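Below is one structure, written out as structure tokens; comments come after it.
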Amino acid sequence: VISALCDQPEKYPGVAHFHTVRVAQPSGMFYKTEFLRQLCDLWELRGSGLTNTHGATGDIVLLGTTTPQLEEIFFELTHNMNNDLGGSGSNLRTPACCLGESRCEYACYDSQELCYQLTQEYLDELHRPAFPYKFKFKFDGCSLGCVASIARSDMSFIGTWRDEIRVDQKTVAAYVGGEIAPNAGAHAGRDWGKFDIQKEVVDLCPSG
């Protein structure tokens, strides 16, 4: 909970309290629809209804509630929604990672596994701080940087390919020839025209 209290509550009762609640995201940010519905219903009832999915930390951010509602929110999250109740203190903050190998063909390592292992390794730094102040890990599975790890962390992990570039020329030819649906069949109802390898690949290559 990030507390916000007005020093003139009698003058501004509507913003006497405006606490923010952070809910730690699961690794790779996988959610069931049911969980998100429960969370939104909870915040409509106990908070302002304003959410930020996700904040710069990677957490779900629930904006604006009052002090009497906090215990009710904690109870609902832990007992009925099966969330852990934790804290970040001023040291190790919530790590965040991309989908990694679970969904992405570009991932060069298992970002979710490394995120989990380092979280377990350094979680105790909440209680016996080893870092100078708050410290964040973020894990990008490749150089596309879906988690924006460089901009949002103190220690950024970015997967890189460490072998010769491999190209399956038969598959490339099949794609160019139209045998394989572009974009995995997305927007299949639209006619984008014939694939132009010169325009769509060669001319876009930064090295020429």
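The values are calculated or read from the model by the stated rules, or taken from the named source; none is laboratory data. Just so it is clear, the model here is predicted, and its values are computed rather than measured. Heads up, the Cβs are rebuilt from the backbone with ideal geometry, glycines too, and the neighbour counts pull from every protein chain shown. Please note that ligands, DNA and RNA were not included when accessible areas were found on the heavy atoms of the full protein model with its side chains. Shrake-Rupley method; radii C 1.70, N 1.55, O 1.52, S 1.80 Å.
Would you mind stating whether PHE30 is over 30 Å from PHE131 (Cβ atoms) and not assigned by the TED database to the domain that holds LEU123? When the stated conditions are applied, PHE30 does not pass them.
How about the stretch 168-201: which of its residues are β-branched (Val, Ile, Thr) and either open to solvent by less than 70 Å² (accessible area, probe 1.4 Å) or closer than 22 Å to CYS104 by Cα (or both)? Correct list: THR171, VAL172, VAL176, ILE180, VAL201.
For the stretch 197-208, residues that are at pLDDT 80 or above and over 17 Å from ALA181 (Cβ atoms) total 7. Once the stretch 96-119 is narrowed to residues that are open to solvent by less than 70 Å² (accessible area, probe 1.4 Å) and part of a helix (DSSP H, G or I), the residue that is modelled with the lowest pLDDT is THR119. Return yes or no: is THR53 among the hydroxyl-bearing types (Ser, Thr, Tyr), open to solvent by 80 Å² or more (accessible area, probe 1.4 Å), at pLDDT below 90 and outside the structural domain of ARG152 (by the TED database)? Yes: the conditions hold for THR53. All told, VAL172 meets the bar of being farther than 25 Å from MET29 by Cα, without any contact (Cβ under 8 Å) to a residue 24 or more places away in the chain, among the β-branched types (Val, Ile, Thr) and not in a loop (DSSP other than H, G, I, E, B).
Pairs meeting the criteria (first residue in the stretch 72-83 and closer than 15 Å to THR33 by Cα, second residue modelled with pLDDT of 90 or more and open to solvent by less than 90 Å² (accessible area, probe 1.4 Å), beta carbons under 6 Å, at least 6 apart or on different chains) are MET81/GLN38. Does ASP163 qualify as being of a type outside the set (Lys, Arg) and touching a helix residue (DSSP H, G or I) at 6+ places or on another chain (Cβ under 6 Å)? So ASP163 fails the test.
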